[in-house]
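Structure record follows, encoded as C-alpha cells.
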Amino acid sequence: MADGQWRGARPLKSPGQGRAAHKILAGMAVLAVLLLLSVVVPLAAQAVPALNAAFLFGRAPGAIAPEAVNTVTMVAISAAVSFPLALLAGLYRVEFARPSRWTQAFDQFTGTMLSVPSIVVGLVVVDVAVVRWHWPVSTLTGMLALALMNWPLTVALVVEALQSVPGLYRDGSWALGASRWQTVTRLILPLALPQMIEQGGMAVARLMGETAVLIYTAGVNVGPGWALGGPGESLAVHLWLLRTEGVTDLASAQAAATGVVLLGLVFLVLWGSRRLAEWLQDTA
Amino acid sequence: MRADRIASLVMKGALALFIAVWVMVAVIVGAGAWRFVSANGLVGPLLSSRWSPLAAHYGILAFVVGSMAVTGLALVLAAPGVLALSVTGARILRGAPQRAFIQILTLFVAVPSVVYGWWGLSVAVPLIRRLTGTAGFGPLSAGIVLAVMIVPTFSIMALQTLRQVPSSLVEGSLGLGATEDQTLWHVILPASRAGLSQGFLVAVGRALGETIAVQMVIGGQSRVLSLLKPGATLTTQLLTDLALMPARTPGHDALDFMALWLMILMAVLVWLQSRVKGMSRG
C-alpha cells in the first residue's frame, strides 16, 4: 500500500508474513470451541421436551424440585461450615506462621488433599459416618462429605488470595504501629476478599456438580419433604442415575433437563460471586 | 495485643483441626490398605489382573493400567486443543474479545463432570459405536470424554502463562526480524515451560482422579487394556465396588488399597508441581 513512500527503506517482510501457524492455531481453536459447545447445546436441545413447570416445580414423582432443594441446601450448609474454618486456617498459615519447612509441607499437604479423588472422600465418609457412627444415608451425611472435600480447596484459595496482597502493605501497617490482628482485619482481608469470593464461587460451583462423593453418602432417593436425616439425592446424582439406568425417551429428556437446571445453578453461582467480587473491588 | 493472642490461638486451632481431620482420612485409608497388604502382599495384587473378590482374588493391574491409559489418551487428545485455545486467547485475541474468550473458557471449567459424562453417553459413545462397530464403551470413549473435560482447565492455565511472558522478550525477538510464528515456537513457548508443566500436572491430576464422567462411558469390566472393549480404572472400580463390599469385609480393604494408591499418586503430582514452581523462580 505505501510502497511509493517507503522506496529504499522497505521492511524486510510484510507484517502479515510468518503468521501461518497462528492462523492454523486460530482455526483449530474455533474447532475446539465448537467441540466444547457440542457438550452444552445438545444438552439444552434434548432438555426442551421435559422443561416445563410441572417438571421444575411440581410435586409429582419425577419432578426435579426436591433434588434442586437438596442440592442447594447441602451445598449452602457445607460451604457455610467449611469456609470459616478454612479462612481461619489460611489466615494463620499466611499472616501468623513464619515461613519455614513446615509451611511448605503444609502447602503440599493441602495441595494433595484437595486433589484426592472425590470417590476416596466418599469411601472414607461411608466408613466413618455411615458404618461406624450409624448415620443414615442422608442429606446430613452428604453435607459432611461435601464440607470435608471442600475444606482443603478453600484453605488453598484463601492462602492464595492472602499471598496476592503485597508484603509491603503489611510492613507499612506494622511500621505505623498496628498489631498483626489489626493489620489482617483492617487491611489485608478487605484487599483479599474479592479474590476469595470469586474463587469461592468456583469452589461452590464444584460442590454443586459433585457426584461421586454423594452417591453413597446422600443417596439416590428423595424423601417426601426435606429433612436433615432424610434421603438427599442431588441434581448431579439424579442426572447420573437417570442416564445410566433410565432407558426410556422420557428419562433421557429428563436427564438433559436436570443437566440444564444444574448448569443454570452453577452459572448463577459463578455470575453472582463475580458480581459480588467486582462490587467489593469498586467500593474498596 | 491481647486480641492478637486470642485470634492467633483460634486460628491455630482451626489449622490443627484441618490437619488432624485430613491426617485421620489418610490414616483410615492407610489402615485398610495395611490390612490388605498384610493379607495379600504388596506386589502380587499389583501384578495380577484377576479381580474376583468372591474368590478372594484382588489383582488390580487392570485398573492401574486402565487409569494410566485413559489419562494418557486424554492428554494426547487434549494437547492440540490446549495449544490452539491458549495461543488464540493469549496471542491472537485482544481487548474485549479476549476477555469474553477467557470467561467462556472459565465457564467450561465449572461445567460439572457429570455433564461431560452425559455428553460422552449421548455423543461420544454412539459415535465410536458407529465408527468401529463395537458397543462404544471403553477406554477410548473415556479418554475422549476426559480430553474434552480437561481442555478448558489446561487451556486457561496455559493461556495465563503465555500472557505473562515479558513483552521485552517478544518484542526483542520480533525486533531482531523473527516472524510471529518463529517468536511463538522459539521464544514464547520455551519461556512458558514452567507454567505449561504446571498446567500439565493439574490436568493429569484431574484426569486421574475423575470418577463419574469416566464411569459413565468406560463400561466397567476388569480387563487389561483393550481400547474398544469395556474396561475400568481405579476410580470407577471404587465407585462400583463400594456398594458391593461393605466395610469390614476383606474386599473392602482392597478398596482402601486402591484409594491409597490414588492418594500417593496425587501427592507425587503435587510434589512435582512444587518442583516446577521452583524452576520458574530460579
Post the alpha-carbon centroid distance, region A:227-284 to region B:133-160, in whole angstrom.
-> 21 Å
With r as the distance between the Cβ atoms of B:Arg35 and A:Lys23 and R0 = 41 Å, compute the FRET efficiency 1/(1 + (r/R0)^6) and round to 0.05.
-> 0.10
If you count, for every residue in A:55-67, the Cβ atoms of partner chains within 10 Å of its Cβ, what is the mean?
-> 0
At what distance in nm do the modelled label points of A:Arg101 and B:Ala79 sit from each other, each positioned 7 Å from its Cα along Cα→Cβ?
-> 3.9 nm
With springs only between Cα atoms under 10 Å apart, run a GNM on chain A and tell me which of A:Pro231, A:Pro84, A:Pro152 wobbles the most.
-> A:Pro84
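Two decimals is fine: what's Rg over Rh for region A:55-136, C-alpha atoms, Kirkwood radius as Rh?
Details: Rg = 18.6 Å, Rh = 16.2 Å.
Rounded to two decimals, Rg/Rh equals 1.14.
Do any chymotrypsin sites (Phe, Trp or Tyr not before Pro) in region B:84-143 lie in a DSSP loop with no more than 14 other beta carbon atoms within 10 Å, and if so, which?
The qualifying sites: there are none.
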Name the most mobile residue of B:Ile188, B:Ile92, B:Ile144, meaning the one with the largest mean-square fluctuation, in a Gaussian network model of chain B with Cα contacts below 10 Å.
-> B:Ile92
Would you mind computing Rg(Cα) / (2.2 N^0.38 Å) for the protein assembly as shown, counting N as its residues?
-> 1.03
Residue-wise HN-Hα coupling along region A:153-160, computed from phi with Karplus coefficients 6.51, -1.76, 1.60 (Hz; x: Gly, Pro) | 4, 5, 4, 4, 6, 5, 4, 5
Taking every residue in B:238-244, how many Cβ atoms of other protein chains lie within 10 Å of its Cβ, on average?
-> 4
Quick calc: nm separation of the 7 Å Cα→Cβ label points for A:Ala65 and A:Asn221 -> 2.1 nm
Max mean-square fluctuation residue, GNM over chain B, Cα-Cα springs under 10 Å, options B:Ala79, B:Ala191, B:Ala56 | B:Ala56
Separation between the A:Leu34 and B:Arg2 pseudo-spin-labels, each 7 Å from Cα along Cα→Cβ, expressed in nm?
-> 7.1 nm
Extension length gain for B:Ser274 and B:Gln221 (0.36 nm per residue less Cα distance), in nm, is 15.5 nm
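In deg cm²/dmol, rounded to 500, what helix-only [θ] at 222 nm does the protein assembly as shown give when every DSSP H run of at least 4 residues adds -39500 (n - 2.57) and the total is split over its residues? Write out the running numbers ahead of the final one.
On the way: 24 runs with 395 residues, N = 566.
One gets -23500 deg cm²/dmol as the mean residue ellipticity at 222 nm.
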Computed over chain B, Cα set: Rg, Dmax in Å = 22.6, 74
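How large is the Kirkwood hydrodynamic radius of region B:1-156, in angstrom, based on all distinct alpha carbon pairs? Each step should come with its number before you reach the end.
Working: mean 1/r = 0.0497 Å⁻¹.
After inverting the mean inverse Cα-Cα distance, the result is 20.1 Å.
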Distance in Å, no decimals, from the C-alpha centre of region B:163-198 to the one of region A:97-176 is 36 Å
Karplus-derived 3J(HN,Hα), 6.51/-1.76/1.60, for each residue of region A:223-231, Hz, glycine and proline x | x, x, x, 6, 8, 5, x, x, x
One finds, for A:Leu191 and A:Leu51 with R0 = 51 angstrom and r their Cβ-Cβ distance, a FRET efficiency to the nearest 0.05 of 0.75
Neighbouring partner chain Cβ atoms per residue of A:220-233, average, 10 Å criterion = 0
Specify the angular offset, from 0 to 90 degrees and rounded to the nearest 10, of the alpha carbon long axis of helix B:61-87 from the longest principal axis of the alpha carbons in chain B.
-> 10 degrees
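Every number in this text was worked out from the coordinates using simple rules, so none of it is lab data. Bear in mind the structure is a predicted one, so any value in this text is a computation, not a measurement. Note that we place each Cβ from the backbone using ideal geometry, even for glycine, and neighbour counts take in every protein chain shown.
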